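This report concerns only the one structure given below.
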Amino acid sequence: MRVGIVDADLIGRDKHRFPNLVCEKLSGYWKQQGAEVDLLLDYDHFDEYDEVYIAKVFTDTPVPEWLKETEHIHIGGTGFYFDKAPNLPDAIEHHMPDYNLYNEWIESEVEKAKARNTEDFNEKRFRDQFKEYTDYSIGFMTRGCFRKCPFCVNQKYDHVFMHSPLEEFYDKSRKKICLLDDNFLGCPNWKNILNQLISLDRPFKFKQGIDERLLTDEKCKRLFSAKYDGDYTFAFDNISDYDLIHKRLRIIRKYTSAINIKFYVLVGFESTDATDIENAFKRIELLMRFKCIPYVMRYQNKNYTPWKESEFRAMYVTLARWGNQPSIFKKMSFRQFCLANQHLHKTKGTLCSSMRAMTEFERKYPKIAKKYFDLRFEDHYLTNKGADVWNIKN
Ligand code: SF4
């Protein structure tokens with residue numbers, strides 16, 4: 001029995017570097033049935049396999065037009081079905097992932113890179129891009145979310161429930177744990193989950209973000225004293241949550257002065273006009289005050305990318321380039337970032353796209369520009385209004 005597995009995002013997205021958990025579970029399941037399993041890196045040899053599985057997460061990942069489900073070709077994932085993706089059979093869903101599925105591909109990438117870069121090649125640094133494949137146990141301890149945000153694929157359930165016990169996907173030879181839970185704080189069992197993770201004494205992270213609207217003193221106390229891996233990621237999707245997020249930021253800052261607190265800032269969903277741009281800056285300003293960093297998330301669904309149709313398309317691009325590079329965001333205001341881009345612009349006498357986007361917006365909306373374009377993260381948190389509740393020594 002030969003089984004071929006295609007991670008369509010790996011083939012179709014240049015910089016994609018995250019294992020597909022469904023592919024790893026399928027591999028684990030079929031290997032246990034005695035099958036020979038291959039990770040396929042193209043769509044050319046399906047006839048050599050008894051069963052072929054193709055999974056993808058992202059709707060805009062390209063796949064061949066001829067690809068369709070047959071008796072032996074199985075297609076799945078949110079990338080194909082968005083919020084209607086069928087569940088896997090339990091025997092596969094609850095199978096230990098095969099964390100070795102990508103090994104051969106990783107080694108071949110390393111060999112190719114060595115051949116290309118004979119002199120200065122730093123293998124350790126190059127391998128770092130594969131750490132999600134090599135260092136983590138990955139799984140869902142809970143599933144579901146009750147919020148039903150209209151831009152989210154998680155529409156199937158109206159509550160959060162326990163899904164996999166840790167031992168179902170935890171491999172103790174791996175240094176870290178990556179949870180893909182949709183909204184674990186919404187699970188009545190959140191305390192047990194956190195306690196179990198903390199008791200393993202190894203770094204863990206919730207990759208999909210944490211619902212800050214559910215934070216309490218007790219939750220913050222546990223979360224921020226844990227061995228957390230990388231950034232704590234939350235979401236600040238709606239400007240209507242402004243006051244609530246403000247309160248939660250105050251709670252967060254009672255328990256940590258860490259700088260690794262990141263918030264997704266969704267843009268281009270409710271509208272793509274000047275109000276949407278202003279709302280993005282307003283949220284970013286609040287985050288700056290509490291020494292948190294944004295990640296500007298430009299909304300798109302499987303058929304439509306509204307910000308690309310907007311008169312402010314270049315503003316959205318510039319905003320994301322500024323906000324999503326922490327090393328730049330921490331040092332430069334939005335205006336300084338545009339000026340720095342202009343400085344590097346090769347065609348003298350013309351404006352670069354960032355500078356053009358900024359000046360055009362400023363000409364039309366000088367009040368918004370005056371309020372936000374010169375805010376600098378480093379200065380702003382020092383004079384913030386929330387400073388009374390947290391105590392960072394500078
Ligand atoms: S809270 Fe998060 S997981 Fe839940 S519906 Fe909203 S975006 Fe999706």
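Brief remarks follow.
- Of the residues S137, S199, the one with the fewest other Cβ atoms within 10 Å heads the list, and the complete ranking is S199, S137.
- Cα gyration tensor, the chain - rounded (a/c under 1.5), prolate or oblate: prolate
- Near L200, once Lys and Arg are set to +1 and Asp and Glu to -1 for all other residues with Cβ below 15 Å from its Cβ, the sum equals +2.
- Y157 sits among other residues whose Cβ lies under 10 Å from its own Cβ, and their net charge, with Lys and Arg +1 and Asp and Glu -1, is +1.
- Taking the empirical scaling 2.2 N^0.38 Å for compact globular proteins as reference, the stretch 206-326 has a Cα radius of gyration ratio of 1.09.
- Put simply, the amide H of H163, placed in the peptide plane, has neighbours under 5 Å in T142, R143, leaving out anything fewer than 5 places away on its chain.
- Potential extension, Y242-D135 segment - 0.36 nm per residue separation minus Cα distance: 34.9 nm
- Full-extension gain in nm, I251 to L375, via 0.36 nm per residue minus C-alpha separation: 42.3 nm
- Using a cutoff of 8 angstrom between alpha carbon atoms and counting only pairs six or more residues apart, the relative contact order for the chain works out to 10 percent.
- Vicinal HN-Hα couplings computed from phi for the stretch 149-164 (Karplus, 6.51 cos²θ - 1.76 cosθ + 1.60; Hz; Gly/Pro x): 4, x, 8, 9, 6, 7, 10, 6, 10, 10, 7, 9, 9, 5, 10, 10
- Looking at the stretch 251-323, the chymotrypsin sites (Phe, Trp or Tyr not before Pro) that sit in a DSSP loop and have at most 16 other Cβ atoms within 10 Å of their own Cβ are Y304.
- Distant-in-sequence amide H partners of V296 (H built 1.01 Å from N, under 5 Å): V265, N324
- In terms of other Cβ atoms within 10 Å, F361, F126, F169 run from fewest to most in the order F126, F361, F169.
- Shape class of the stretch 275-352 from the alpha-carbon gyration tensor: oblate, with a/c at 1.5 or above and b/c at least as large as a/b.
- By the rule of a C-alpha distance below 24 Å, with chain neighbours fewer than 8 residues away ignored, the lysines paired with K25 are K15, K56, K68, K84, K131, K156, K172, K175, K176, K205, K207.
- For the stretch 63-161, the share of alpha carbon pairs falling in successive 5 Å distance bins from zero is 2, 9, 12, 14, 14, 16, 14, 9, 6, 3, 1, 0 percent.
- For the stretch 2-101: relative contact order, % (alpha-carbon pairs under 8 angstrom, 6 or more apart): 38
- Normalised size of the stretch 81-226, defined as Cα radius of gyration per 2.2 N^0.38 Å with N residues, equals 1.24.
- Cleavage-rule hits, GluC sites (Glu not before Pro), the stretch 21-67, DSSP coil, Cβ neighbours within 10 Å at most 13: E65
- The trypsin sites (Lys or Arg not before Pro) of the stretch 117-157 meeting both criteria, a DSSP state outside H, G, I, E and B (loop) and at most 12 other C-beta atoms within 10 angstrom of the site's C-beta, are K148.
- Computed from the alpha carbon atoms alone, the convex hull of the stretch 1-59 holds 73 Å³ per residue.
- P(r) tail for the stretch 135-206: Cα pairs beyond 21 Å make up 26% of the total.
- Rounded to the nearest 0.05, the FRET efficiency derived from the C-beta distance between Q33 and K346 at R0 = 45 Å is 0.20.
- Residues in the stretch 285-315 that a label on Q155 would reach, taking backbone N under 17 Å of a point 7 Å out along Cα→Cβ: 299-306
- Two-site label geometry, S225 and E167: point separation in nm, points 7 Å out along Cα→Cβ: 2.8
- Ordered from longest to shortest, the equivalent ellipsoid semi-axes for the stretch 1-122 are 25, 17, 15 Å, each the square root of 5 times a Cα gyration tensor eigenvalue.
- Estimated Rh, the stretch 231-394: Kirkwood, alpha-carbon pairs, angstrom: 16.4
- The stretch 69-110: C-alpha pair distances exceeding 13 Å, %: 71
Quick note: the coordinates plus some simple rules give every number you see, no bench work behind them. Treat the numbers as computed from the prediction; the structure is a model and nothing was measured. With ideal geometry, Cβ positions are generated from the backbone for all residues, glycine too; neighbour counts draw on all protein chains shown.
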